[in-house]
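The values are calculated or read from the model by the stated rules, or taken from the named source; none is laboratory data. Since this is a predicted model, take the numbers as computed values, not measurements. Note that each Cβ is placed from the backbone with ideal geometry, even for glycine, and that neighbours are counted across all protein chains shown.
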Amino acid sequence: MKKSEKLKGKEKVAAHKRQYKMVGIAAAILVIVIAVIAIYFVFVVPPVVVAAGDTVNVTYTLMFDNKTVYQTNVNTSPFTFTVGGGQVLPGFDEAVRGMKVNEEKTVMIPADQGYVYNPDLVAIVPKSLFQENQTIYPGEKAYFQSTSGSVIPVVVLNVTNAGVAVDGNNPLVGQNLTFDIKIDSIQKAAAGSSATTTATS
């Protein structure tokens, strides 16, 4: 082998070494940049989490102990409520606090912390509140409108000459409830007023 060929070979090896070195330096720089960005978002700009006063959109599935699904809004419209506003069960309200957008959680609410039976919601109403000639039977669901305009669902307990006994208690009274929850969006509440900032998926 000629001397010039040996020199060319050494130059090629040296060139490859320089290329590998440059790739290594570029990779190291990239790792450092990613680490700096991650530190910035974790410590300087912490993620938006649910707190009292926020309005949240959630996707949920409600199940019984045997995993039978009672209700879900998956693939439909998200459920919207204000945290701490008394619009949902306390256990559900507490579960979403501290969650981030797209975070999922499963929470079990025991019966004694769920829907409570209220004997005042059992009443006898006149048959005239039902449609004329309607056959009324125990177990039937009916819907009445309150003076405020809201719809009150009830279940018929019994039919007597005095009227129709109905129960307006939630059908989930006495049940252990398991919720699969996902946060779809968080609308942060402004200090001392309504929400102003939205973080969405």
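Where residues in segment 82-132 are out of contact with any strand residue (DSSP E or B) (no Cβ under 6 Å at 6 or more places or on another chain) and among the acidic types (D, E), which of them is surrounded by the most Cβ atoms within 10 Å (Cβ to Cβ)? Among those residues, the one meeting the criterion is D93. Could you go through segment 34-56 and let me know if any residue there is at pLDDT 80 or above, in contact with a Phe, Trp or Tyr (Cβ under 8 Å, 6 or more places away or on another chain), of a type outside the set (G, A, S) and not in a helix (DSSP H, G or I). Checked segment 34-56: at least one residue is at pLDDT 80 or above, in contact with a Phe, Trp or Tyr (Cβ under 8 Å, 6 or more places away or on another chain), of a type outside the set (G, A, S) and not in a helix (DSSP H, G or I).
Taken over segment 152-201, residues that are aliphatic (A, V, I, L, M), at pLDDT below 85 and either touching a Phe, Trp or Tyr at 6+ places or on another chain (Cβ under 8 Å) or not in a strand (DSSP E or B) (or both) amount to 3.
Checked against (1) buried (at least 17 other Cβ atoms within 10 Å of the Cβ); (2) aliphatic (A, V, I, L, M); (3) over 30 Å from K105 (Cβ atoms), L177 passes all but a single condition, namely (3).
Of all residue pairs spaced 6 or more apart or on separate chains, those with beta-carbon atoms under 8 Å, a first member in segment 63-83 that is in a strand (DSSP E or B) and a second member that is of a type outside the set (V, I, T) and exposed (fewer than 13 other Cβ atoms within 10 Å of the Cβ) are F81/Q87.
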